[in-house]
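Have a look at the structure below before the remarks.
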Amino acid sequence: MIVIGIFFLGVVLGTICKKYHKIFSYSEILTTVSLYLLLLFLGISIGKNSDIVNNMTQIGLKGVLFAGVASLGSILFILPLYYIFPKKEK
Amino acid sequence: MWNSLKLLLIFLAGIAIGIFQLIPSSINIDKISEYLLYLLVFGIGITISRSEGILKIIKTYHLKLFLLPLMITLGSLVGSLLLGLFYSDISLKHSLGLGAGLGYYSLSSLMISQYGFKEIGAIALISNIIREIATLIFAPIIIKCFGSFAPIASAGATSMDTTLAVIIKYTDKENAIISMFNGVTLSILVPLLITLIYQFL
């Protein structure tokens with residue numbers, strides 16, 4: 001819940017300070033650095049957990065399968081939209 | 001694609017550090033991660049507010065534009081839910097959580113991990129990265145088989161930045177605008193959905 005609140009705080013701040021373009025380069029740096037660190041730490045906490053490490057092939061396989069079904073589901077669900085949106089087939 | 005591979009490498013480096021215990025256990029990684037996640041979503045919020053003209057796009061294309069992200073989200077959730085039925089160790093909640101990533105690998109995996117589910121977080125990271133990489137590689141084939149909206153659907157939230165390049169290249173400019181709108185909408189939806197799923201299910 002806190003995450004959502006902070007997220008929208010960022011949106012509001014960004015909208016208010018739109019004129020100060022510098023804020024966007026700062027937010028760029030902020031997101032990049034925190035993202036790298038977070039992924040590193042996620043890796044570390046997974047590496048420390050021997051249950052997960054021993055399961056790595058299973059996790060990888062599940063990742064591939066879930067990517068497949070989620071993408072395919074999304075693609076199939078948008079197909080009816082071609083009838084609703086104006087056609088522009090070439 | 002290089003960018004997502006770089007992130008994957010950082011993640012793998014982390015796993016190696018964890019396995020070989022290269023970091024003192026006195027450091028509370030989970031606590032630091034919590035605050036880092038706050039910083040991350042704050043920065044993401046600011047970045048998203050920059051995508052101008054969203055309202056303009058909605059006006060031109062009418063509200064039915066929302067149908068695209070809506071159907072993409074439903075498709076992902078239904079697909080994941082169905083696959084989850086085959087796994088006894090993945091509950092309904094986690095199946096939905098994995099589907100709700102919508103290609104937003106960083107935020108979805110980190111949020112799920114923050115709720116204490118490291119393994120599902122790792123699966124979310126891998127599966128959502130694959131969505132991006134697969135879209136980048138297979139965009140031409142996907143378009144040929146399923147039309148110009150299909151790569152937007154397979155990409156999910158990344159259809160506003162990383163995969164936008166191939167979507168523009170292989171379709172047209174109008175599609176690119178739809179793609180951007182979709183990416184922004186899904187990026188806002190991902191943290192909402194994951195919070196909803198993990199807070200209330």
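Taking the Cα centre as origin and putting +1 on Lys and Arg beta-carbons and -1 on Asp and Glu beta-carbons, what dipole magnitude results for the range B:1-121, to the nearest 20 debye? Please list the in-between numbers first.
Numbers: 8 positive and 5 negative charges, 93 e Å.
For the range B:1-121, the charge dipole is close to 440 debye.
Between B:TYR170 and B:PHE200, how many nm apart are label points set 7 Å from Cα along the C-beta direction?
Calculated label separation equals 3.7 nm.
How large is the dipole of the range B:77-162 about the Cα centre if only Lys and Arg carry +1 and Asp and Glu carry -1, each at its Cβ, rounded to the nearest 20 debye? Let's see the in-between values first.
Values: 4 positive and 4 negative charges, 21 e Å.
In debye, rounded to 20, the range B:77-162 gives about 100.
How much net charge surrounds B:VAL166 when only other residues with a Cβ under 15 Å from its Cβ are counted (Lys, Arg +1; Asp, Glu -1)?
Working: positive: B:ARG131, B:LYS144, B:LYS169, B:LYS173; negative: B:GLU132, B:ASP161, B:ASP172.
That works out to +1.
Assign unit charges at the C-beta atoms only (+1 for Lys and Arg, -1 for Asp and Glu), then state the dipole size of chain A relative to its Cα centre in Debye, rounded to the nearest 20.
On the way: 8 positive and 3 negative charges, 83 e Å.
The dipole magnitude comes to about 400 debye.
Can you list the residues, at least 5 places off or on another chain, whose amide H is less than 5 Å from the amide H of B:GLY103, using H built in the peptide plane?
Sorted by chain and number, the residues that satisfy this are B:ALA157.
Rounded to the nearest 0.05, what FRET efficiency do A:LYS22 and B:LEU22 give with R0 = 45 Å and r taken as the Cβ-Cβ distance? Could you check?
0.75
Tell me, what ³J(HN,Hα) does each residue in the range B:19-28 have, in order and in whole Hz, if you take phi through Karplus 6.51 cos²θ - 1.76 cosθ + 1.60 with θ = phi - 60° and put x for Gly and Pro?
Rounded to whole hertz, the list is 4, 8, 6, 7, 10, x, 6, 6, 7, 8.
Of B:LEU96, A:LEU30, A:GLY47, which is farthest along the charge dipole of the protein assembly as shown in the positive direction, counting Lys and Arg as +1 and Asp and Glu as -1 at C-beta?
A:LEU30
Could you tell me which of B:TRP2, B:TYR61, A:SER71 has its Cα farthest along the dipole of the protein assembly as shown towards the positive end, charges placed at Cβ (Lys, Arg +1; Asp, Glu -1), taken about the Cα centre?
Projecting each Cα onto the dipole axis, the largest value belongs to B:TYR61.
Taking only DSSP H segments of four or more residues, each worth -39500 (n - 2.57), what value at 222 nm results for chain B once the sum is divided by all its residues, to the nearest 500 deg cm²/dmol? Write out the running numbers ahead of the final one.
Working: 10 runs with 154 residues, N = 201.
The helix-only estimate for chain B comes to -25000 deg cm²/dmol at 222 nm.
I need the calculated FRET efficiency for the pair A:TYR82 and A:THR32, taking r as the beta carbon distance and R₀ as 25 Å, to the nearest 0.05. Can you show the working numbers first?
Values: r = 37 Å, r/R0 = 1.50.
With R0 = 25 Å, the Cβ-Cβ based efficiency is 0.10.
Per residue of the range A:3-13, in order, report the coupling 6.51 cos²θ - 1.76 cosθ + 1.60 (Karplus, θ = phi - 60°) as ³J(HN,Hα) in whole Hz, putting x for Gly and Pro.
In residue order, the calculated couplings are 4, 4, x, 5, 4, 6, 4, x, 4, 4, 4 Hz.
How many lysine pairs in chain B, separated by 8 or more positions in sequence or lying on different chains, have Cα atoms less than 26 Å apart?
16
Tell me, how many Å apart are the Cα centres for the range A:33-74 and for the range B:32-102?
18
Leaving ligands, DNA and RNA out of it, report the carbon-plus-sulfur percent of the accessible area of the range B:62-107 at a 1.4 Å probe. Before the final figure, lay out the partial values.
Working: 1440 of 1850 Å².
With neighbouring chains kept in place, the figure for the range B:62-107 is 78 percent.
Does the protein assembly as shown classify as rounded, prolate or oblate by the C-alpha gyration tensor (a ≥ b ≥ c root eigenvalues; a/c under 1.5 gives rounded; else a/b over b/c gives prolate, otherwise oblate)? Write out the running numbers ahead of the final one.
On the way: a/c = 1.85, a/b = 1.30, b/c = 1.42.
Oblate, because a/c is 1.5 or more while a/b does not exceed b/c.
Starting at the first residue of the range B:64-73, write each ³J(HN,Hα) from the Karplus equation 6.51 cos²θ - 1.76 cosθ + 1.60 with θ = phi - 60°, in whole Hz, x for Gly and Pro.
5, 4, 5, 4, 5, x, 5, 5, 4, 5
As I understand it, the value is the acute angle between the Cα axis of helix B:118-146 and the longest principal axis of the Cα atoms of chain B; what does it come to in degrees, rounded to 10?
In chain B, helix B:118-146 runs at an angle near 20 degrees to the longest axis.
The values are calculated or read from the model by the stated rules, or taken from the named source; none is laboratory data. Keep in mind that this is a model prediction, so the values were computed, not measured. Counting neighbours? That spans all protein chains shown, and the Cβs are built from the backbone with ideal geometry, glycine included. Note: areas computed on protein heavy atoms with side chains; ligands, DNA, RNA excluded. Shrake-Rupley method; radii C 1.70, N 1.55, O 1.52, S 1.80 Å.
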